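The values are calculated or read from the model by the stated rules, or taken from the named source; none is laboratory data. No experiment lies behind these values; they were computed from the predicted model shown. All Cβ positions, glycine included, derive from the backbone under ideal geometry; neighbour counts span all protein chains shown. Ligands, DNA and RNA are stripped out before the accessible areas are found, and what is left, the full protein with its side chains, is counted by its heavy atoms. Shrake-Rupley method; radii C 1.70, N 1.55, O 1.52, S 1.80 Å.
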Amino acid sequence: MDLQLPDTVRRLAAGETFRFACHPGVACFTECCRELELALTPYDVLRLRRCLGLSADQFLDRYVVVEKEAAEPLPRLYLAMVDDGRASCPFVSPTGCTVYSDRPGACRIYPVGRAARLTAAGGCQALHVLLREPHCLGFAGSTSFSMAEWFADQELAAYNEANDQVMTILQHARIRSGMLLSAGQIERFLLALYDLDRFRVLVAGNEFPAAILLSDQERQVIATDDAMLLSFGIRWLRHELFGEITQVV
Ligand code: SF4
Ligand code: SF4
């Protein structure tokens with residue numbers, strides 16, 4: 001992957017280390033939780049709404065802005081910032097992040113950036129960069145991390161795994177070649193990826209035509225397991241949007 005990178009961003013090699021520490025003692029503490037555009041992945045929504053004890057539709061109503069550009073086939077979801085003159089994150093407090101254990105992947109991975117793409121063989125290839133922005137004083141920290149150590153420290157594995165699965169839809173060859181989606185297909189995209197409570201009810205119903213995609217064992221697991229339900233939702237969407245039948249896992 002060849003990218004033109006700004007001065008504040010550079011490629012991070014696999015074994016390379018960097019020093020970083022973000023804590024309440026840094027002068028910039030929580031400054032990066034304001035005036036930001038925070039795109040939410042399906043797994044971010046799953047974790048946040050569970051942390052807040054909200055149903056999926058309650059979370060979407062209160063905290064999410066859905067944007068659909070005419071030139072883009074699929075909508076994007078963003079965290080709705082507070083209208084306080086600083087566009088603050090709704091979860092920031094003077095003592096830090098109030099949803100820290102379930103904060104979005106973008107908040108965890110910073111100051112590393114990850115760009116992933118599907119390979120021709122259907123795998124995932126990821127490129128990592130280090131963002132060294134002037135306002136961030138975390139680089140004065142003394143703790144050294146390799147990329148793998150940073151990902152482990154920030155508990156990113158489940159986020160990356162779910163995001164890579166979603167990528168099989170977002171970067172599907174038909175989407176990349178300009179496939180036009182109907183209003184019904186966009187509705188199903190939002191339902192299966194972001195509105196898991198309603199999707200679970202649909203899947204449990206007798207009318208749900210999923211026998212070909214859903215084993216009895218999986219049906220039992222997704223009755224209570226949100227991550228597995230999301231994983232199934234991705235597979236179901238690939239069938240709904242692209243006519244693909246992927247293997248039961
Ligand atoms: S979710 Fe937490 S870490 Fe992320 S921007 Fe909001 S307050 Fe900051
Ligand atoms: S700007 Fe950097 S050091 Fe400051 S709070 Fe944000 S991540 Fe932490």
Q.
Just the residues that are open to solvent by 70 Å² or more (accessible area, probe 1.4 Å) and either modelled with pLDDT of 95 or more or within 16 Å of ligand 2 (Cβ to nearest atom) (or both), please, taken from region 120-136.
A. 132, 134, 135
Q: Please enumerate the residues belonging to region 18-29 that are surrounded by 12 or more Cβ atoms within 10 Å (Cβ to Cβ) and either outside the structural domain of residue 120 (by TED's automatic domain parsing) or near ligand 2 (Cβ under 10 Å from one of its atoms) (or both).
A: 20, 21, 22, 26, 28, 29
(Q) When the residues of region 30-50 are narrowed to those that are more than 16 Å from ligand 2 (Cβ to nearest atom) and of a type in the set (Lys, Arg), which ends up surrounded by the most Cβ atoms within 10 Å (Cβ to Cβ)? (A) 49
Q. What is the one condition in (1) open to solvent by less than 70 Å² (accessible area, probe 1.4 Å); (2) of a type in the set (D, E, K, R); (3) within 14 Å of ligand 1 (Cβ to nearest atom) that residue 72 does not satisfy?
A. (3)
Q.
Within region 99-116, take every residue that is more than 7 Å from ligand 1 (Cβ to nearest atom) and in contact with a strand residue (DSSP E or B) (Cβ under 8 Å, 6 or more places away or on another chain) and give me the one that is nearest to residue 141 (Cα to Cα).
A. 111
Q.
With away from ligand 1 (no atom under 13 Å from the Cβ), farther than 18 Å from residue 91 by Cα and open to solvent by 30 Å² or more (accessible area, probe 1.4 Å) as the only criterion, which of 53, 15 stands out?
A. 15
Q) Hey, any hits in region 19-39 for a residue that's part of a loop (DSSP other than H, G, I, E, B), away from ligand 1 (no atom under 12 Å from the Cβ) and over 26 Å from residue 84 (Cβ atoms)? A) yes
Q) Out of region 205-249, which residues are of a type in the set (A, V, I, L, M) and modelled with pLDDT of 90 or more? A) 221, 222, 223, 227, 228, 229, 230, 234, 237, 241
Q) What are the pairs, 6+ residues apart or on separate chains, where a residue within region 30-59 that is without any contact (Cβ under 8 Å) to a residue 40 or more places away in the chain has its Cβ under 6 Å from a residue that is surrounded by 21 or more Cβ atoms within 10 Å (Cβ to Cβ) and among the aromatic types (Phe, Trp, Tyr)? A) 49/59
Q: May I ask you to verify whether residue 235 is closer than 22 Å to residue 125 by Cβ, open to solvent by less than 70 Å² (accessible area, probe 1.4 Å) and either out of contact with any Pro (no Cβ under 9 Å at 6 or more places or on another chain) or part of a helix (DSSP H, G or I) (or both)?
A: yes
**Q.** Residues being more than 13 Å from ligand 2 (Cβ to nearest atom) and either on the phi > 0 side of the Ramachandran plot or without any contact (Cβ under 8 Å) to a residue 24 or more places away in the chain (or both) - total across region 94-110
**A.** 1
